[in-house]
Structures are given as structure tokens and as C-alpha cells.
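Enquirer: Mind looking over this structure? Questions follow.
The values are calculated or read from the model by the stated rules, or taken from the named source; none is laboratory data. Note that the structure is predicted; figures quoted are calculated from it, not measured. Every residue, glycine as well, gets a Cβ built from its backbone with ideal geometry; the counts of neighbours run over all protein chains shown. Surface accessibility is based on the protein's heavy atoms, side chains included, excluding ligands, DNA and RNA. Shrake-Rupley method; radii C 1.70, N 1.55, O 1.52, S 1.80 Å.
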Amino acid sequence: MSTSSLPPAIEDAASGLIYRALPRASRQPAKVLLLLLHGVGGNELNLAGLQPLLDERVQLVLLRAPLTFGPQQYGWFQVSFGPNGPRIDAQQAERSRQQLLQLCASLQQQYGIDAAHTVLAGFSQGGIMSAGVALTAPQQVAGFGLLSGRILPEIAPIIGEPADLAQLSAFIGHGELDDKLPIAWAERATAWLSDLGVPHQLQRYPGGHQLSTEMAHDFAAWLVAGSWLAD
């Protein structure tokens, strides 16, 4: 998407988060609200390239994380990597989770699209936050995409009720050669979702820590097949 065609960045009054709602080719009202979250050190335009893959009934909204790490570089929480794995700022992650819940509610009201037709997804840290929102507030969304990410163990005490979790659907895509978040994180995620009774699928890819073309196409296919477009 060229700079001249970019939609304006909008700050949501309730959450304080900034987002861009990409224009749709169809004049018919959108049926699904898809919120995409970028990874640490990125920005809301990183995932704009997914739009051509999406069904015309999907309203795509790109979200910008609240923490500034550099020029056009943002994050949902600070994280450091050591021999024992990633260590996060849990307070920042929780604050971002709360802001995402507020923004989700605002956008649902704005577009007249309910929770049963709302999906969150993201790459790396964006996927982490998408999973965190969906699993702790499953009554507010219908599904989530975890693209080269993980599920934070820190959310365990606030996971939603089993009956609500059973209504979710999840897509997990992960590179087998990921050196930032090894494939073991995806395996842990699918095991946890199985224990929680969350329907999901795991797709493995030969690459590293990236959103590959194949992963993007598989995610788009999963989105088309979801209940949010079936009714």
C-alpha cells in the first residue's frame, strides 16, 4: 500500500490506542471485524500486506502498540531474552490487554459487528496479545490467530470460563526454525488450548521467526472457513 493511499491514523478515545481502518472494495456492510497486531519494534502497517488475501466481507483494522521503542517502532510490552527464555514486563502486558479490550468494544460499536464476528490476530508479540485477549475475555471475540507467537503463562489466573472458551477458534502458525520463539512454544500453546477445550489448528512451516507467504495464506483460508462468515 502506497503512502498516499494510507488511511489516517485514529486515536481511540476510550483506550488511547491508535489504529488504521483499511478501506474495503465492497460497498456492502462488513460481516467480520479483523484486528491485526504487529510485533515488538514494528508498527501498524507491518501487516497491511494481508489485506489482498482477505475475504471482501472482512473489515481490517491495523492496531499500533502503545509503547514507543524508537521512530515508528512500538511494542505491547518490554521483553528480554535470556538462557531461561523470554522475560516480560507483566504490568505493561496487562495494561495493553486492558487497552485492547476497550478498543475492541469501541470498534465493535462503531462498525455494528458483535463478538461472534470479531477476530484478533497478530505476529509475534501481537499474536501473544491476541491470544491473551481472547483467552481471558472469550465472550468478546470469536477467534484469534497466533502467528509465530506464544501464550503467556502469566494469564493463567484470569483465563475465561470453559463454556465461553469452547466457543473460540484459534489458528497457530509457527516456523520450525524459529530462533526467537522456538517451535516448542507453539507445541505448548496447542497442548494448553487442548486442555482448555479451545478448538484450534497448528500449522508448521520450514522458516524462522517470520510471517511467511504460506503462513499468511493459511491464516486467510482459516479465516474464510470460520463460523464468523458462515452465518
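Enquirer: If only one of Leu45, Leu6 is among the aliphatic types (A, V, I, L, M), open to solvent by less than 70 Å² (accessible area, probe 1.4 Å) and modelled with pLDDT under 95, which one is it? So that I can check it myself, show each step before the final result.
Expert: Values: Leu45 fails: modelled with pLDDT under 95.
Being among the aliphatic types (A, V, I, L, M), open to solvent by less than 70 Å² (accessible area, probe 1.4 Å) and modelled with pLDDT under 95 holds for just one of Leu45, Leu6, which is Leu6.
Enquirer: Could you check segment 149-231 for helices (runs of 4 or more DSSP H) lying wholly inside it with 3 or more residues that are over 17 Å from the mean Cα position of the chain (by Cα)? Steps first, please.
Expert: Details: elements: 162-165, 184-196, 213-224, 227-230.
Per the criteria, 162-165, 184-196, 227-230.
Enquirer: What do you reckon, is Arg64 in contact (Cβ under 8 Å) with a residue 40 or more places away in the chain, out of contact with any Lys or Arg (no Cβ under 7 Å at 6 or more places or on another chain) and closer than 25 Å to Ser212 by Cα?
Expert: Details: in contact (Cβ under 8 Å) with a residue 40 or more places away in the chain: yes; out of contact with any Lys or Arg (no Cβ under 7 Å at 6 or more places or on another chain): yes; closer than 25 Å to Ser212 by Cα: yes.
In short, yes.
Enquirer: Which residue pairs have Cβ atoms closer than 8 Å, lie 6 or more positions apart in sequence or on different chains, and pair a first residue in segment 147-162 that is more than 12 Å from Ala134 (Cβ to Cβ) with a second residue that is assigned to a loop (DSSP other than H, G, I, E, B) and aromatic (Phe, Trp, Tyr)?
Expert: Nothing qualifies.
Enquirer: Then there is this: Is at least one residue of segment 73-89 within 20 Å of Trp228 (Cα to Cα), more than 14 Å from the chain's Cα centre (by Cα), buried (at least 17 other Cβ atoms within 10 Å of the Cβ) and not polar (S, T, N, Q)?
Expert: no
Enquirer: From the list Ser15, Ser26, pick out the single residue that is free of Cβ contacts under 8 Å to residues at least 60 places away in the same chain and either more than 22 Å from Phe171 (Cα to Cα) or within 14 Å of the chain's Cα centre (by Cα) (or both). Spell out how you get there, then give the answer.
Expert: Working: Ser15 fails: free of Cβ contacts under 8 Å to residues at least 60 places away in the same chain.
After applying the criteria, what remains is Ser26.
Enquirer: On the given criteria, is Ser227 open to solvent by 30 Å² or more (accessible area, probe 1.4 Å), more than 20 Å from Phe123 (Cβ to Cβ), in contact (Cβ under 8 Å) with a residue 40 or more places away in the chain and hydroxyl-bearing (Ser, Thr, Tyr)?
Expert: yes
Enquirer: Which condition number in (1) under 27 Å from Gln28 (Cβ atoms); (2) surrounded by fewer than 17 Cβ atoms within 10 Å (Cβ to Cβ) is the one that His117 fails?
Expert: Among (1) under 27 Å from Gln28 (Cβ atoms); (2) surrounded by fewer than 17 Cβ atoms within 10 Å (Cβ to Cβ), His117 violates only (2).
Enquirer: Return a yes/no flag: does segment 127-140 have any residue that is among the β-branched types (Val, Ile, Thr), assigned to a loop (DSSP other than H, G, I, E, B) and touching a strand residue (DSSP E or B) at 6+ places or on another chain (Cβ under 8 Å). Quick ask: steps written out before the conclusion?
Expert: Here is the first cut: in segment 127-140, the ones among the β-branched types (Val, Ile, Thr) are 128, 133, 136.
Subsequent filtering for residues that are assigned to a loop (DSSP other than H, G, I, E, B) retains none.
No: zero hits.
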